[in-house]
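Notes to accompany the following structure.
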Amino acid sequence: MGISVDAAYKSLNKFSEILCGDKVEILKTPDSDVIILADGMGSGVKANILSTLTTKILGTMFLNGAPLEECLETIVQTLPICQVRQVAYSTFSILQVFNNGDAYLAEFDNPGCIFIRDGKLFPIPKNERTIKDKTINEFRFRVQTGDTLVLMSDGTTHAGVGRLWHFGWEWEDIARFVEKQCEQPVSSIRLASAVCGECDELYQYRPGDDTTVAVMRIIEQKTVHLMTGPPVDRDDDRKMVEDFMAGEGVKRIVSGGTTATILSRILGRQLQVSIDYYDPDIPPIAHMEGVELVTEGVLTLNRAVSILTRYVENKDLSRGFFEELDKNNGASMIARMLLEDCTDLHLFVGKAVNGAYQSSGLLFELGIRQNLVKQLIDIAEKMGKSVTVTYY
């Protein structure tokens with residue numbers, strides 16, 4: 001059963017704090033995907049240090065096969081001791097999903113994982129055991145395509161305490177909210193942002209605690225081919241086009257006017273430029289049979305990279321970010337497809353120098369388009385996508 005995942009998270013800092021006391025690590029191994037969410041005691045710098053150490057220790061040891069008992073012992077011995085409570089304290093949740101559908105969940109003092117299957121809350125049975133005087137809930141189970149799993153720090157359940165709610169946003173109410181959001185297919189980042197946005201509103205936009213929501217969705221593999229730039233040797237035009245068009249169930253993006261012209265010529269298909277001009281800074285898209293998206297090159301790629309950079313740096317993922325992502329210009333459409341509709345990205349990159357964007361004599365690696373391609377590769381890998389590149 002080969003499965004793929006869509007994983008993302010969103011955090012709110014406690015009001016007036018520069019650093020978040022929660023930390024999330026999203027890791028990829030050859031046979032699994034892992035989310036580790038830690039919540040350091042307190043807030044600000046101290047909590048950030050505690051949670052960062054916890055995720056790094058757990059991530060390194062857990063992925064190297066260390067048993068959970070050894071991981072916990074190392075955390076207790078390593079974390080700084082709170083001078084007030086005399087404990088080295090950070091809560092955590094670990095979720096590991098294997099490519100074959102097996103899954104493992106371990107939770108210590110964080111709100112329980114919300115598991116949605118077929119649009120409904122799916123109960124996770126308690127399986128508690130005590131390790132180093134700490135009660136850990138462990139659960140091994142199977143996942144299937146369409147499942148959604150949500151990890152949270154306790155800033156979610158504290159939302160609204162003393163303001164809109166006496167006892168905060170209770171776990172059952174959060175679960176119902178997640179169920180409602182999952183009535184229609186929703187990406188992990190949109191779901192995480194929706195839950196955090198609701199928490200922010202309950203806090204009246206002055207969060208009383210660090211708040212983090214991490215989401216993993218079990219999805220089918222989604223492959224995207226992106227072709228940009230003409231080959232150095234014109235004789236390679238056909239080879240590049242054939243490689244780009246190969247495969248079933250693939251979504252295809254062409255970025256660049258010259259590149260699109262090559263594709264049109266080789267395939268014998270008409271290229272129709274749209275008359276709809278949605279953004280004065282981004283040239284309009286074009287249409288071609290068999291290709292989901294045809295855009296201009298450098299300007300459009302640069303904007304797409306900028307949008308995706310905001311995502312990987314977790315900067316301002318508010319309603320405004322999704323309004324930008326949902327625009328109908330070519331850059332937003334590229335960013336949206338790569339972020340929400342792609343697990344595997346294959347880039348087909350021509351290395352010919354475009355005189356319009358590059359001074360004569362500059363090496364290939366220094367070209368604007370090629371630099372954008374390198375940035376796109378780095379961003380896609382940080383988003384957890386599997387990336388391959390073929391140069392011509």
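The values are calculated or read from the model by the stated rules, or taken from the named source; none is laboratory data. Remember, predicted model here, so these are calculated numbers, not experimental data. Here the Cβ is made from the backbone with ideal geometry for all residues, glycine too, and neighbour counts use every protein chain on show. Protein only, heavy atoms only, side chains kept; ligands, DNA and RNA dropped before computing areas. Shrake-Rupley method; radii C 1.70, N 1.55, O 1.52, S 1.80 Å.
Remark: the chain carries 47 Å² of accessible area per residue (probe radius 1.4 Å; ligands, DNA and RNA excluded).
Of the residues Phe322, Phe92, the one with the largest accessible area comes first in the ranking Phe322, Phe92, computed with a 1.4 Å probe on protein heavy atoms. Once you reduce the stretch 239-303 and the stretch 53-67 to the center of their Cα atoms, the two points are 44 Å from each other. With both labels modelled 7 Å from their Cα along Cα-to-Cβ, the Asn371 to Val76 distance reads 5.3 nm.
Between Glu170 and Lys56, the contour length at 0.36 nm per residue exceeds the Cα-Cα span by 38.1 nm. The share of accessible area on the chain that comes from carbon and sulfur is 49 percent, using a 1.4 angstrom probe.
If you count the DSSP beta bridges with both ends in the chain, what percent of them are antiparallel, to the nearest 5? Percentage antiparallel, nearest 5: 75. Which listed residue (Val215, Leu293, Ser264) has the Cα farthest towards the positive end of the charge dipole for the stretch 213-336, taking +1 on Lys and Arg C-beta and -1 on Asp and Glu C-beta about the Cα centre? Farthest towards the positive pole: Val215. Each peptide in 246-259, 220-233 gets a packing score, the mean of other Cβ atoms within 10 Å over its residues, and the list from highest to lowest is 220-233, 246-259. When you restrict to C-alpha pairs under 8 Å that are six or more residues apart and normalise by the size of the chain, the relative contact order lands at 15 percent.
For the listed residue pairs Lys251/Lys327; Lys23/Lys251; Lys28/Lys374; Lys14/Lys132; Lys46/Lys120; Lys126/Lys382, the alpha carbons are over 28 angstrom apart in Lys23/Lys251; Lys14/Lys132; Lys46/Lys120; Lys126/Lys382.
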